[in-house]
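The values are calculated or read from the model by the stated rules, or taken from the named source; none is laboratory data. Worth saying up front: this structure is predicted, and the values here are computed from it rather than measured. FYI the Cβ positions are ideal-geometry reconstructions off the backbone, even for glycines, and counts take in every protein chain you see. Quick note on the areas: whole protein, heavy atoms, side chains included, nothing else; ligands and nucleic acids left out. Shrake-Rupley method; radii C 1.70, N 1.55, O 1.52, S 1.80 Å.
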Amino acid sequence: MRYFYYHPTSKKRFTVFLLGLICLFLDVATGVATELKEDTIYTQRRNAMVKQTIEDRGVRDPNVLRAMLTVLRHEFVPEDLKEYAYEDRPLPIGLGQTISQPYIVAYMTELLEAGSEAKVLEIGTGSGYQAAILAEIVKEVYTIEIFEELGKQAQNCFERLGYNTIKSKIGDGYYGWEEFAPFDGIIVTCAADHIPPPLIQQLKPGGRIVIPVGGVYQVQMLMLVMKDAQGNVTVKNMLPVRFVPLLGDHQQ
Ligand code: SAH
């Protein structure tokens, strides 16, 4: 015959275990709820940003608007600045560099007029945000960053968010990326004091370059460079802007 008897210690242990389990469940549930709430807030802010600071200011290309609505800008800014991710301003990303203002990103992307089959080169990966916007629109994106730390950080971000059509490297973008040239479009997100000739060479006939030109303490001009089917190049001034400088040896 077996005897069952009440053992106070094992019952206490079981109660503690049960309470622990409940706490763990509540913790996970609260975490998930907070994340969902955060996602909803970010989505609302992103929608408002696109409507008020991009669409209402004249950007019309539906592909650009869709990309701006899709890419999670808060994933590309430093943790402590996430709450400002959907304000229409540049934000510091380290090493004295910035992620560009959303309106300017949208405006420059629209100027490129790159279609779904296009191959685009970006100079100045920075946070990787502009490259992600391009990746939502075109087939292949190539992006170059001069600072290893920023380039690696952006690469991690692309992997984490599944942007596998972006190819990035560390280097001086002044010289373009000969190996994958020619490009349908080239976008430069730092200001040069002249349009780098290698970039013009690596542009396909019919292609476009969007580039800010001017010194750090001067008014810079966002320029649109167009190469026609015969290879003739024309340049148009579009908008006064302010960008961090294009760095590298060629400046010396
Ligand atoms: N497109 C970026 C904006 C970054 S700011 C974004 O969406 O976040 C400009 C970037 O250009 C900086 O990260 C800077 O380090 C980089 N840069 C400056 N000179 C460069 C050069 N010669 N080649 C490549 N990147 C350069």
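Miscellaneous remarks
- Per-region count, region 46-64, residues open to solvent by less than 20 Å² (accessible area, probe 1.4 Å), of a type outside the set (Val, Ile, Thr) and closer than 20 Å to Tyr163 by Cα: 1
- Within region 52-73, the set of residues being in contact (Cβ under 8 Å) with a residue 60 or more places away in the chain and assigned to a loop (DSSP other than H, G, I, E, B) comprises Val71, Leu72.
- Hits in region 109-130 - residues which are under 18 Å from Glu145 (Cα atoms) and not polar (S, T, N, Q): Lys119, Val120, Leu121, Glu122, Ile123, Gly124, Gly126, Gly128, Tyr129
- Qualifying residue in region 37-45 (condition: under 25 Å from the mean Cα position of the chain (by Cα), surrounded by 10 or more Cβ atoms within 10 Å (Cβ to Cβ), at pLDDT below 80 and within 30 Å of Leu65 (Cα to Cα)): yes
- Residue within region 82-95 that is open to solvent by 50 Å² or more (accessible area, probe 1.4 Å) and in contact (Cβ under 8 Å) with a residue 60 or more places away in the chain present: no
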